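Once you've had a glance at the structure underneath, I'll fire off some questions.
The values are calculated or read from the model by the stated rules, or taken from the named source; none is laboratory data. Because the structure is predicted, anything quoted here is derived from the model rather than measured. Here the Cβ is made from the backbone with ideal geometry for all residues, glycine too, and neighbour counts use every protein chain on show. With ligands, DNA and RNA removed, areas are computed over all heavy atoms of the protein, side chains included. Shrake-Rupley method; radii C 1.70, N 1.55, O 1.52, S 1.80 Å.
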Amino acid sequence: MKNALLLFFVVVLVSCDKKEPKKYENEIQQNFIDFVKSWQLVTYKNELEQDELKKDYESKLLQKIDSVYFFENWKGKISDISKKEFDETVYLEFKLKPDYYKDNFDNIEFQCSYIISKSNIANDSIYQIVKTFENNELVYFDGFISKNYDGTINYLKKSNYGLREEIVNNWFNFNILEISKTSLPTKSGEFKKGIRLFFDNMIVLEKFRAGEISEKQLSKQVFNSKKTWDKLPKNEIDYLSRLNIQLQRDYLRE
């Protein structure tokens with residue numbers, strides 16, 4: 001009996017030992033990091049297989065991105081905070097590292113380039129909060145991976161991409177929507193509905209451009225967005241305004 005009990009405890013301890021604890025509070029963040037990391041380990045025999053694997057990875061990655069619309073209340077390290085000034089605008093630039101438990105070349109990086117009118121800097125919530133951060137500080141953020149006009153992922157150029165046997169570029173251009181030193185507040189159902197509508201607007205707009213839907217159908221989508229917009233408080237309207245501008249910028253990128 002004692003031997004059986006001892007064997008039972010050994011089995012339980014071994015099985016518990018094999019379970020790797022989740023590092024990240026946000027389940028979607030954890031799943032995304034696990035997905036990208038798993039593909040970083042994939043190698044290929046030749047260029048033909050490499051091309052097929054890249055297409056498979058890109059397809060699955062886009063499915064993941066599109067299924068959640070945007071990344072909400074992720075946690076990561078902010079770094080490389082800087083700005084570039086032009087005549088009427090400022091480009092606020094920084095990086096976010098969502099896999100912040102280690103620091104090496106294989107980190108997933110989100111490169112943010114946030115454009116602000118100089119006349120609006122004093123009222124811009126993103127600029128005003130980012131200027132208070134130290135490099136490598138942990139922050140919480142909302143945003144989404146940037147895409148090109150054709151719907152492909154807008155990667156940041158990786159200096160050694162293609163030199164090693166890998167198929168993953170884990171440096172992404174990223175559109176920031178909100179950022180904070182503390183966990184972001186939970187969004188209402190109405191607010192989330194508005195966010196999804198603005199993403200869907202771009203799909204409807206492209207269908208209209210391609211002649212797949214009528215102007216009446218496009219107008220209906222715009223009207224539904226406006227109805228949602230009118231119900232929200234100012235801070236949420238400002239959030240949707242940032243989202244709308246960045247979605248349009250992605251749509252027009254060639």
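Would you pick out the residues in region 211-254 that are loosely packed, with under 13 Cβ neighbours inside 10 Å, part of a loop (DSSP other than H, G, I, E, B) and modelled with pLDDT of 90 or more?
GLY211, GLU212, SER214, PRO233
Yes/no per residue for (1) touching a Lys or Arg at 6+ places or on another chain (Cβ under 8 Å); (2) over 28 Å from LYS37 (Cα atoms):
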| residue | (1), (2) |
| --- | --- |
| LEU177 | yes, no |
| GLU190 | yes, yes |
| PHE198 | no, yes |
| ILE203 | no, yes |
| TRP229 | no, yes |
| ASN244 | no, yes |
| TYR251 | no, yes |
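Failed condition for GLU49, given (1) over 23 Å from PRO185 (Cβ atoms); (2) free of Cβ contacts under 8 Å to residues at least 60 places away in the same chain; (3) open to solvent by less than 70 Å² (accessible area, probe 1.4 Å); (4) within 18 Å of the chain's Cα centre (by Cα), with all others met?
Checking GLU49 against (1) over 23 Å from PRO185 (Cβ atoms); (2) free of Cβ contacts under 8 Å to residues at least 60 places away in the same chain; (3) open to solvent by less than 70 Å² (accessible area, probe 1.4 Å); (4) within 18 Å of the chain's Cα centre (by Cα), the one that fails is (4).
Got a sec? Which of SER117, SER79, SER146 is among the polar types (S, T, N, Q) and over 16 Å from PHE172 (Cα atoms)?
Of the residues listed, the single one that is among the polar types (S, T, N, Q) and over 16 Å from PHE172 (Cα atoms) is SER117.
Residue by residue, here is whether (1) touching a strand residue (DSSP E or B) at 6+ places or on another chain (Cβ under 6 Å); (2) at pLDDT 95 or above; (3) buried (at least 20 other Cβ atoms within 10 Å of the Cβ) holds:
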site: GLN111; (1), (2), (3): yes, yes, no
site: TYR114; (1), (2), (3): yes, yes, yes
site: ASP124; (1), (2), (3): yes, yes, no
site: LYS131; (1), (2), (3): no, yes, no
site: TYR140; (1), (2), (3): yes, yes, no
site: SER146; (1), (2), (3): yes, yes, yes
site: TYR149; (1), (2), (3): no, no, no
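Further question on the same structure: Among the residues of region 66-109 satisfying the criterion of being closer than 23 Å to ASN26 by Cα and among the small types (Gly, Ala, Ser), which is most open to solvent (accessible area, probe 1.4 Å)?
Step by step, filter region 66-109, then rank; the result is SER67.
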